[in-house]
Structures are given as C-alpha cells and as structure tokens.
2 protein chains.
Amino acid sequence: MTSSVERTITVLGDGGWGTALAILLHHRGHQVALWSAFPDYAAVLKAKRENVKFLPGVCLPPGLEVTADMAVAAGAELLVAAVPTPYLRSVLQKLARSYAFGTPIVNVAKGIEVGTRLRGSEVVRDVLDSRGPVAVLSGPSHAQEVAHGLPTTVVVSSADPALAKMVQQTFMGDRFRVYTNPDVIGVELGGALKNVIAIAAGICDGLGFGSNSKAALITRGLAEIARLGVAMGAKRETFAGLTGLGDLFTTCVSPLGRNRYVGEQIGKGRKLRDVLATMEQVAEGVLTTKAVCALADQHHVDMPITRQIHQVLFEDKNALEAVAELMVRAPKSEVEELQ
Amino acid sequence: MTSSVERTITVLGDGGWGTALAILLHHRGHQVALWSAFPDYAAVLKAKRENVKFLPGVCLPPGLEVTADMAVAAGAELLVAAVPTPYLRSVLQKLARSYAFGTPIVNVAKGIEVGTRLRGSEVVRDVLDSRGPVAVLSGPSHAQEVAHGLPTTVVVSSADPALAKMVQQTFMGDRFRVYTNPDVIGVELGGALKNVIAIAAGICDGLGFGSNSKAALITRGLAEIARLGVAMGAKRETFAGLTGLGDLFTTCVSPLGRNRYVGEQIGKGRKLRDVLATMEQVAEGVLTTKAVCALADQHHVDMPITRQIHQVLFEDKNALEAVAELMVRAPKSEVEELQ
C-alpha cells in the first residue's frame, strides 16, 4: 500500500527502530534516506543491505538510500529523529548546519535527557527551533515486529494538529495504524517512563516470579507513571492508552525488550555494569531512571517503584530486597494506592 | 505466618483456585474444609492428598479437611465460594439447607451468570440472603502461582467495610497481599469481563501476531471493559487497578490461562466445540461473552472486541477476519477510542 502523498524523508539514526521505520516509509511510497552517525557502519549497511547489528534478518529494499552525510537532511520535507535520547542533542547539533528552518521533525525515541530533564521533543526545540513544527510518535512497537509486518498501532502527537494529521497520513498502513492524540506531554512521558517499570518487570522475571507479581507491578507502575505525568501537565486518560498502558505492556512482556532484559539479568544476580558491557543496544531505561527520580523530586510525586529501581541500579541494593519492600507494605486500600 | 484470629472456614469448590485458597488459609492458621461437589473426586483428593486434575504438583497439607458433605458449611464462620459461575446457583441451592443465616460469603469466581446477567455476588444474594454479608475477592492470581508461594496481590470488596477488613485480615500474608476497594461492581466486573479479552489475546497468539498487536488489543479491551463498567455503576479508577488492568494483564500473557488457551486454539484454526471437548477446566470467558453482549445491548455500550469474539465463538466467523476488522478502521483520534 502506498501513501496518497509522496514525501522526501530523512530518518536520523541507524538503530532497529529507525531502520524499521525507514523501510516502512519506503514501502509506503516515500523517498527515504536512512542516516547513520557512523560512516563505517553506513558502509556495512550499504554493502549488506541489512542492519545486521540492530535489525538482523530484514532486507533494506533497493530504493532505500543509506548515508552518513548529514547534507541529505537539507532536502527532506520531513525528518524522523530515531536517536537514543543520550545522543539526541549531539545529532541535532550536527543536523543544525543542514536544517532548513521550518522542516517538521518527528521524534520517535523514548527517553528523558538526564541533566536537563527535557523530553525528546523539547530537546529538538532547544537545539533547532524554539517554535518549530515538532511531533512525537510513540506506542507499543517493537521494531522487529513492525519490520515483519505484524499488526501494530501507534500514536502521533503534536501541538500542531495539521502536523499530527500529516504524520498520521505519512505513516499509516494496513498493518501500521496511527492514531492522533493532542496530549504531547502524556504521549511522550508514557514512552519514556515505562522503560523504568520494564526494568522492574525484568527483575521479577530474573527472580523467578510469575505473572501475578508482574501484573501487580505493572498496575502500580502505571499508576506512578500517571501520577508524575499529571503533575507535569499530561492528561490522565493518555496513560490508559496505547502510549501508556499499551507500551508498558509490550515492553514488560516481550522477550525482545532491552530494558526488561537488563532487569532480568540483574534479578539473576548480575551487576549493571557487566550487563551493559555485553549489550550492543542502548537500554534507555537505565539513564531514564535517574531523570525520573529527579523529576519526582521536583514535582513532589511518590514513585516507590522507580525509587527502588534507582537503588538497585545505582546504589547496589539487592534486587530481592527491593521487590520485597515493594510487596510488604501495611495493608491499605487500593484507592489510596492508585491515586 | 499465621493469622491473628483463627477461623473455621469452608471453601466450596474443588477447582484449582478453591484448592489453592484452602491451602493458603490452612497455612494462615485457620481451620479449613475443602468441599467438593463430587463424592468420587473428594475420595481421590483424600486418598492422594493432591488435586491431580486441577492443581497438580501441590500437596494438600495433613490438617486440611476434604469432604463432599455440605453439612460442613453449617459450622463455618466464613464461606468461600470458588465455584465456576455456571454452577454457582446450583451449589448455593445445595448450600441453602446448611447455611446459617448471616454467615459471610466471599465469592472468588469470575463470571457473569448467563440468562440473569447477574454478577457472582448477586447470585449469592439471590439464592441465600438478599441483604447478607457478601464480599468478592479478585485480582491477578493464577492458582498455580499462589500455590507455589509466588508473590500475589489481590483486592477484596464488600458493601460492608467491616467484612472487607475481616476478609483482608483472614487471607493476608507476606506473599499474598490483600487490598480493599469499596467498588464492588467494578471489582467484580473487571474479573469477569477480562476473560473475554483474554480469548481475543489468545486468538492473536494463535494467529502468530506479536506483542505490539496484543498491547493494542489489551489497551482497547480495557477501555471497553471500563465503558460497560461505568455504565453499570462501577468507578472508572477501579479498572486501572489490580482487578482491571492487573487481572487483564496476567490472563492475557500467562501460558496457564484457560481463556487465552481457548482463543489460541481458535486462532490456530480449531473449532470451539473441539477445543472445549478436550479441556478439563471451565473457560469462563466463553459463556461470559454471551452475557457481556447482552449487557452491552442493555446499557447501549460500544464493545467492538467483545462483539467480534462473539461472532468468532458462536457465529462461525473467521478469526483472522475478526482481528482484521478490529485493526482496519478509519484513522481517528485516540481520545475518541478511549472514551
């Protein structure tokens, strides 16, 4: 299925998600370039026509351009930022030289910048254009599944409804459904914050707990995500949607999830440093945990799960002890718990 | 860990959940009898000290009484009804002869009576005592996991706060946490309605879809559960809690789930009749689907997933077609979708 309007699009970032979206947009009939920050790896992509490191087993279609030259962005009608949040700022600074003022940017990464505590779309505005056309695309969307054409539903959000509609039409397909939701803060926070809960879910897996425990964790995890989100200006309903509950679900159950994997290894007794040293991909939840604790302080929000994960990751707390502390609290009413 | 107050308790029903709760209550220091409707099977339980059919691999502790004689209920200070909803009324009618008026009953089964469309606790009142002390206990709680001491969190609800507190104290342990929630309708509906969505989730599994699809299904499933619940007088927040989101989660992911299993087999192309013929246990979601469709009609609530499942189960609709119809809808806003 091709799109009604053909566009020239540059996808920034050679990770699994950027690659899957570049392929999807190409199949929708757009003129797509996939930009890699690493000339050596761009050469590998071009030679093998496969992203062997981050999206193995999926062919890059012949018409999809691969480049390490940022100049390609100058001609784009739409930019897709698929760069892990820790590297987003430096990539945008590189982009700034080629950036045609006013070109819309969709951020698809899920994280919060440590230090500034900015959401991805805020980092985009901070670097490029303080009132520029920015959208975010988020939701339950493992790259491998999207690349293999498994049905996926996501949400696009922007302060500019026309841009949200344009992004919706650009990405929409039979097996990739795109909804709009005007709550940018909620959509973006859901995607970032769930990575912390995913680490906690992984710890449960590593400890050998079952789905009863994980269900309780996810329920309370979503409640604390929503608590912070509402304090930061998001709408509560958004967290019941695809970018809240939906994304939390898939991140916590899929064996493909990087953050869940980190937690699982820690639950089995490994140290964070050792786990990260063996991973090719970025587990955004690790740094996000720091940012979220800072935001919880700033907004005076109670986030018991995130606090425990912080202690496990950075303060050498025993994982089993952390989970036990979450479980064994004085009997109280669920209504209190969910507020 | 033993409870502060020892009670004489009869658990009605020899299924996995009744057995797991009887063992749990025994370990909490209570005097527990497990009642089976089938004298032959009660004899097997007594001889083997194991519920080989419904909770294999778990020993019945020596002090736990097993009986098929309903007279045992006459001496109980607390009754636990763990009977699948289709059989609840007939068991209660049998109980009526031994029932000491005023004895509190906790219903732990999850379903809606077809025909009357009554919730379990309403059936209890209908048969035994129209203003009697009734509570419900619900939440993400696979029997096998509870029996193996894996951490579990559930909710008790009653119109009588003192009874809810008593039930909380009776069941509460280190690895079995009990919260209270005064919203009886919401707590009870969440447990019943999620079984329908679990069948849909199983169909996704059977069709070979991934976690992106399942996440979307669960998100929209919870939205339609909450829509009906609110129309029936429940509180919306309850569906974000353990008995809504939490129970939905565990039912849709656990390989142990019977309703998910039924859906999975249908997704693989088997017929409902054939699947049910090979199952020892009751998949409550199958009959609940009928009851929920009737309730949706009665309350004029839009429930697209439940409708499609009804067509697949009882109107011979192709499973892939049903899922496709759910996926391919006109692009719209998520806000509409979640209302």
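The values are calculated or read from the model by the stated rules, or taken from the named source; none is laboratory data. Computed from a predicted model, the values in this text were never measured in an experiment. Cβ atoms come from the backbone with ideal geometry, glycine included; neighbour counts cover every protein chain shown. Each accessible area value is taken on the protein alone, full model and side chains, heavy atoms only, with ligands, DNA and RNA left out. Shrake-Rupley method; radii C 1.70, N 1.55, O 1.52, S 1.80 Å.
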Run the accessible area of the protein assembly as shown with a 1.4 Å probe and give the carbon-and-sulfur part as a rounded percent. 53
Just to check I understand the Karplus step: with θ = phi - 60° and J = 6.51 cos²θ - 1.76 cosθ + 1.60, what whole-Hz values come out for region B:94-103, glycine and proline as x? 5, 4, 3, 5, 9, 6, 7, 2, x, 5
Counting only C-alpha contacts under 8 Å and six or more residues apart, can you give the relative contact order of region B:183-257 as a whole percent? 50
Amide H within-cut-off set for A:V106, under 5 Å, with H built and near neighbours excluded: A:L79, A:V80, A:A81, A:A135
For region A:277-289, just list the computed ³J(HN,Hα) in residue order, Karplus coefficients 6.51, -1.76 and 1.60, θ = phi - 60°, integers in Hz, with x standing in for Gly and Pro. 5, 9, 9, 6, 8, 7, 9, 4, x, 5, 6, 4, 4
Over 28 Å between C-alpha atoms is what I'm after, so list which of A:K110/A:K317; A:K94/A:K271; B:K53/B:K194; B:K110/B:K317; B:K48/B:K165 land there. A:K94/A:K271; B:K48/B:K165
What does the structure give for A:146-152 when I average, per residue, the other chain Cβ atoms found within 10 Å of the residue Cβ? 5
Which of rounded, prolate or oblate describes region B:155-240 when judged by the alpha-carbon gyration tensor and an a/c cut-off of 1.5? oblate
Number of partner chain Cβ atoms within 10 Å, mean per residue of B:72-85: 0
Shielding score for B:245-255, defined as the mean number of other chain Cβ atoms within 10 Å: 6
Relative contact order computed over region A:190-339 (Cα-Cα under 8 Å; 6+ residues apart), in percent: 34
Of the listed peptides B:259-270, B:29-40, B:134-145, what is their order by residue-averaged count of other C-beta atoms within 10 Å, with the highest listed first? B:134-145, B:259-270, B:29-40
Report A:E50's accessible area, 1.4 Å probe, all protein chains in place, as a number in Å² to the nearest 10. 50
Using each residue's phi in region A:107-118, evaluate 6.51 cos²θ - 1.76 cosθ + 1.60 at θ = phi - 60° and report the 3J(HN,Hα) Karplus result to the nearest Hz, with x for Gly and Pro. 8, 10, 7, 10, x, 10, 6, 5, x, 7, 6, 8
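So what is the 222 nm mean residue ellipticity for the protein assembly as shown from helices alone, if each DSSP H run of at least 4 adds -39500 (n - 2.57) and you divide by all residues, rounding to the nearest 500 deg cm²/dmol?
-15000 deg cm²/dmol
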Other-chain or far-sequence residues with amide H under 5 Å of A:V66's (modelled H): A:L34
Once the whole set of protein chains is in place, how much accessible area is left on B:C293, using a 1.4 Å probe, in Å² to the nearest 10? 10
How much accessible area per residue does chain B have, counting only protein heavy atoms and a probe of 1.4 Å, in square angstrom? 37
Just the number, please: Stokes-Einstein D of the protein assembly as shown in µm²/s, Kirkwood Rh from C-alpha pairs, 4 °C, 1.567 mPa s. 50
Mind putting a number on the dipole of region A:65-160 about its Cα centre? Charges go on the C-beta only, +1 for Lys and Arg and -1 for Asp and Glu, and I need it in Debye to the nearest 20. 300
Region A:45-94 shape via C-alpha gyration tensor axes, a/c threshold 1.5: oblate
State, as an integer percentage, the relative contact order of chain A based on alpha-carbon contacts under 8 Å between residues 6 or more apart. 15
Around B:K235, which amide H atoms from residues at least 5 apart in sequence, or from another chain, sit under 5 Å from its own amide H, with H modelled in the peptide plane? B:G186
